[in-house]
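The values are calculated or read from the model by the stated rules, or taken from the named source; none is laboratory data. Keep in mind that this is a model prediction, so the values were computed, not measured. Cβ sites come from the backbone with ideal geometry, for glycine too, and all protein chains shown count toward neighbours. Surface areas here come from the heavy atoms of the whole protein model, side chains and all, with no ligands, DNA or RNA. Shrake-Rupley method; radii C 1.70, N 1.55, O 1.52, S 1.80 Å.
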Amino acid sequence: MNPVNMGAMRHRQKGLGVVELMVGVVIALFASLAIFQTFALNESQRRTTGSGSEGLQSATLGLAAIKTMVEDAGYNMVTPTDSTMSLPNRLVIPGQAAAIINANPVSPEFLMGCTTQAGVRMAPVLVTSGGGALASDTITVMQGSSANSPMPSRLVAAAALGVTDLTVTTTYGYAVGDWVLVYEQDAALNAGNARPIACTYARIVALPSAPTIANAVVRLSVPTAAAYGAQARVANLGPNPEAWQISVVNNRLQAVDLINNLPVQVLAENVVAMKVQVGLDVSNDDLIDEWMNPPAAANTWLNPNSVATIPSIPALPVAAGARSLNQMKALRVGLLVRAPVLERATGAGGTCEVTAAGPYAVLEAIAGNAAQRIPDMPTSGAYTLAGDDRCFRYSTVNSVIPLRNVIMSQL
């Protein structure tokens, strides 16, 4: 074979050179970088979307839990106190007296507003403000658990301070182990909405007389907290009454039991703040006339008048001032939630700019319609974000919840 041809053949079979190999490696690296950047971007978007959905789902469940508690508030507590009572038919004309058709109005009050010997104010719903910005408001809801929902009993005779045996007109539906609330009805002893007489919260430890519709004795677990007149009532709250205080603590929406020492119930995670507004019937015509942000102190809420009168229906607007517990007809509840995942800092110098600084509001103002008798809803929970708080994504959920068991505004 020709030696020249052999050399040419060896030259043609020569492999890739170093330059070609380096070019191929660089191309592969760029391709890998592009693939990983695309994957990282998709993963970030997936995490952001998933965490945002998780936060909204948690808030929605928490709001549903609040709705259930508020709608059940007042069960066994807002029972009319006179078995012969019939509702007064009224001609509702704002600014004029209410025309009462029948002559048998209700007894003085529903069971709300008195304070027990343990310092717990007994009312279906109490709402207090936590303050401005993101300081969370508080809702306290109470309800009984009696399956029979019996009418409250009346004392047969006045009872002295510190006694445990009460003689009542009936113990129908009562059982050992039930909790009862003893509260004063006498207008002379318990005038206006001041409620000077303490109520007694106690358990039934014995029924010395057989359950009957005639006069019978109820024995309490603790002595009475006050001396009661013959108009005092004993309301049966059943074996497991509840009093839950709902608030936000350390980004958790939680409910704390006030009377049974039950464990704290976590209703939702990643909740930054809860804001509440109260819909009030201030003109005594069974319609919501105004929405207001709650007061800072629970004792600012007045008790219902203890005398059964049907007042005149004032023209709107009603002068500003403290409002009564029985004027509450609905709650507007807003939850501010944030995604559980901290996003990457994207701003200059490593600052967080995922969410703008604001300002925002947990509950936005909503204009009403005066012609249709729809009141304005004010704003609540104005806030701005700074620092690491801007690394989170935020959402709000809100709902208007009617108070089903507080329906008679004339009291």
Note: among 182, 176, 141, 163, just one is under 27 Å from residue 274 (Cα atoms), at pLDDT 90 or above and of a type in the set (A, V, I, L, M), namely 141
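Residue-by-condition table, conditions (1) in contact with a helix residue (DSSP H, G or I) (Cβ under 8 Å, 6 or more places away or on another chain); (2) closer than 30 Å to residue 333 by Cα; (3) in a strand (DSSP E or B):
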residue: 132; (1), (2), (3): no, yes, no
residue: 136; (1), (2), (3): no, yes, no
residue: 139; (1), (2), (3): yes, yes, yes
residue: 147; (1), (2), (3): no, yes, no
residue: 151; (1), (2), (3): no, no, no
residue: 157; (1), (2), (3): no, no, no
residue: 161; (1), (2), (3): no, no, no
Output for Cβ contacts, cut-off 6 Å, separation at least six or different chains, first residue under 14 Å from residue 164 (Cα atoms) in region 203-224, second surrounded by fewer than 17 Cβ atoms within 10 Å (Cβ to Cβ) and of a type in the set (A, V, I, L, M, F, W, C), reads 204/176; 208/217; 219/205; 219/206; 221/205; 224/163
- Task: Could you tell me whether any residue of region 313-322 is at positive phi and either at pLDDT below 90 or not in a loop (DSSP other than H, G, I, E, B) (or both)?
- Result: yes
Considering only strands (runs of 3 or more DSSP E) wholly within region 326-411, the ones with at least 2 residues that are among the basic types (Lys, Arg) are 328-338
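Residue-wise test of (1) within 25 Å of the chain's Cα centre (by Cα); (2) at pLDDT 85 or above; (3) among the polar types (S, T, N, Q); (4) open to solvent by 30 Å² or more (accessible area, probe 1.4 Å).
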| position | (1), (2), (3), (4) |
| --- | --- |
| 263 | yes, yes, no, yes |
| 287 | yes, no, no, yes |
| 296 | yes, yes, no, yes |
| 311 | no, no, no, yes |
| 328 | yes, yes, no, no |
| 338 | yes, yes, no, yes |
| 341 | no, no, no, yes |
| 365 | yes, yes, no, yes |
Among the residues of region 256-269, is there at least one that is outside any loop (DSSP other than H, G, I, E, B) and within 25 Å of residue 114 (Cα to Cα)? yes
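Matching residues to (1) surrounded by 18 or more Cβ atoms within 10 Å (Cβ to Cβ); (2) polar (S, T, N, Q):
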| site | (1), (2) |
| --- | --- |
| 130 | yes, no |
| 134 | yes, no |
| 166 | yes, no |
| 172 | no, no |
| 175 | no, no |
| 206 | no, no |
| 212 | no, yes |
Within region 231-260, the count of residues that are under 30 Å from residue 215 (Cα atoms) and either open to solvent by less than 60 Å² (accessible area, probe 1.4 Å) or touching an Asp or Glu at 6+ places or on another chain (Cβ under 9 Å) (or both) comes to 12
Among residues of region 189-238 being part of a loop (DSSP other than H, G, I, E, B) and of a type in the set (Val, Ile, Thr), the residue farthest from residue 168 (Cα to Cα) is 197
